[in-house]
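Below: one structure, written as structure tokens.
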Amino acid sequence: QLQASGGGLVQPGGSLRLSCAASGTIFSIAVMNWYRQAPGKQRELVARITSDDGTNYADAVKGRFTISRENAKNTVYLSMSSLKPEDTAVYYCNAGVNTVEGWGAYWGQGTQVTVSS
């Protein structure tokens, strides 16, 4: 249902944009989130965007990351700049999606972001 892409290897200070597209018979999508999980750490919420484009960010990424959504494409983006080694993690998208089966929470498969020189 959710397909994440855009991860990769980038040098400190660099930028990446992640995408996550929902597929299938979708009536509507409520909140869309990006989480990340670094090795040996718990999964943490990075950014959230509501259906009316309200946004929230983790303190660690404020001013560097921007979450946005394109409703016509059922897609959420995470634009990341001024990347730091501590941003290295697997990034997961998550969304509340209304389908023929009703509302459900769906997760993407994760995309690896590695920040290293």
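Details
- Where Arg17 falls short, out of the listed (1) among the charged types (D, E, K, R); (2) surrounded by 13 or more Cβ atoms within 10 Å (Cβ to Cβ); (3) farther than 16 Å from Thr75 by Cβ: (3)
- Among residues that are open to solvent by 80 Å² or more (accessible area, probe 1.4 Å) and outside any strand (DSSP E or B), Gly63 is included.
- Asn56 vs. criteria of a type outside the set (Val, Ile, Thr), open to solvent by less than 30 Å² (accessible area, probe 1.4 Å) and assigned to a strand (DSSP E or B): no
- The lone exception for Arg36 - which of (1) without any contact (Cβ under 8 Å) to a residue 24 or more places away in the chain; (2) crowded, with 17+ Cβ neighbours inside 10 Å it fails: (1)
- Matching residues, region 1-14, being out of contact with any Cys (no Cβ under 9 Å at 6 or more places or on another chain), at pLDDT 95 or above and either surrounded by fewer than 14 Cβ atoms within 10 Å (Cβ to Cβ) or not in a strand (DSSP E or B) (or both): Gly7, Gly8, Leu9, Gln11, Pro12, Gly13, Gly14
- When region 80-104 is filtered for residues that are buried (at least 16 other Cβ atoms within 10 Å of the Cβ), in a strand (DSSP E or B) and polar (S, T, N, Q), the ones remaining, listed by number, are Asn94, Thr99.
- Only one of the listed residues (Val113, Val76) is within 10 Å of the chain's Cα centre (by Cα) and not in a loop (DSSP other than H, G, I, E, B). That residue is Val76.
- Only listed residue being more than 23 Å from Gln3 (Cβ to Cβ) and of a type in the set (Gly, Ala, Ser), chosen from Gly96, Gly54: Gly54
- Long-range neighbours under 7 Å by Cβ, at least six apart or interchain, first residue touching a residue at least 60 places away in the same chain (Cβ under 8 Å) and surrounded by 11 or more Cβ atoms within 10 Å (Cβ to Cβ) within region 105-117, second in a strand (DSSP E or B) and aromatic (Phe, Trp, Tyr): Trp107/Tyr92; Gly108/Tyr92; Gly110/Tyr91; Gly110/Tyr92; Thr111/Tyr91; Val113/Tyr91
- Ala30 fulfils the conditions (1) surrounded by 17 or more Cβ atoms within 10 Å (Cβ to Cβ); (2) assigned to a strand (DSSP E or B); (3) among the aliphatic types (A, V, I, L, M) except for a single criterion, (1).
- Identity of the residue in region 20-39, over 18 Å from Thr75 (Cβ atoms) and at pLDDT 95 or above, that ends up farthest from the chain's Cα centre (by Cα): Ala38
The values are calculated or read from the model by the stated rules, or taken from the named source; none is laboratory data. All values reported here derive from a predicted model rather than from experimental measurement. Glycine also receives a Cβ, built like all others from the backbone with ideal geometry; neighbour counts cover every protein chain displayed. Accessible surface areas use protein heavy atoms only, side chains included; no ligands, DNA or RNA. Shrake-Rupley method; radii C 1.70, N 1.55, O 1.52, S 1.80 Å.
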